[in-house]
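One structure is given below, encoded as structure tokens.
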Amino acid sequence: DIERHLRCRYTSGEIAVGDSARTLAGALLSPPLGPAAAPLFRVTRLITLGLLPAHLREAYGYSWNAQRERSFRRAVALIRRTRRLLPAVFREWPAARMAA
């Protein structure tokens with residue numbers, strides 16, 4: 001299964017984070033879109049970093065603490081609750097809707 005595969009890859013040392021990866025991650029997680037987009041990217045950055053294993057977060061140079069962990073868990077819980085209320089067109093990719 002995918003979780004076992006990822007866990008194996010993460011712990012095997014096959015994934016290494018270098019300067020190029022850190023630069024790319026910084027550009028993806030903090031794009032220069034101006035102050036109007038900042039709140040959205042704070043949330044997406046929080047969720048993205050929260051989904052990474054701790055050692056990869058550290059390798060990328062992102063700090064994590066108890067407050068961020070609580071915020072991450074609250075955001076995920078809110079997304080799960082909200083997702084159930086949305087119509088399929090908003091909660092599923094088109095390919096998933098077609099497969100169903």
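The values are calculated or read from the model by the stated rules, or taken from the named source; none is laboratory data. Note that the structure is a prediction, hence the values are computed from the model and not measured. Here the Cβ is made from the backbone with ideal geometry for all residues, glycine too, and neighbour counts use every protein chain on show. Surface areas here come from the heavy atoms of the whole protein model, side chains and all, with no ligands, DNA or RNA. Shrake-Rupley method; radii C 1.70, N 1.55, O 1.52, S 1.80 Å.
Relative contact order of the chain: what whole-number percent is it, with Cα pairs under 8 angstrom and at least 6 residues apart?
Details: 30 pairs, mean separation 22.7, N = 100.
It rounds to 23 percent for the chain.
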For the chain the translational diffusion coefficient, Stokes-Einstein from a Kirkwood Rh over Cα pairs at 4 °C and viscosity 1.567 mPa s, in µm²/s, is roughly 81 µm²/s
Can you give the charge dipole size of the chain about its Cα centre, rounded to the nearest 20 debye, using +1 on the beta carbon of Lys and Arg and -1 on the beta carbon of Asp and Glu? 560 debye
Which one, LEU85, LEU29, ILE15, projects farthest toward the positive side of the charge dipole computed for the chain from Cβ point charges (K/R +1, D/E -1)? LEU85
Residue by residue through the stretch 87-100, what is 3J(HN,Hα) from phi via Karplus (6.51 cos²θ - 1.76 cosθ + 1.60, θ = phi - 60°)? Round to whole Hz and write x for glycine and proline. x, 3, 4, 9, 9, 10, 5, x, 4, 5, 5, 5, 5, 6
Tell me the per residue accessible area of the chain using a 1.4 Å probe; a whole number in Å² is fine. 79 Å²
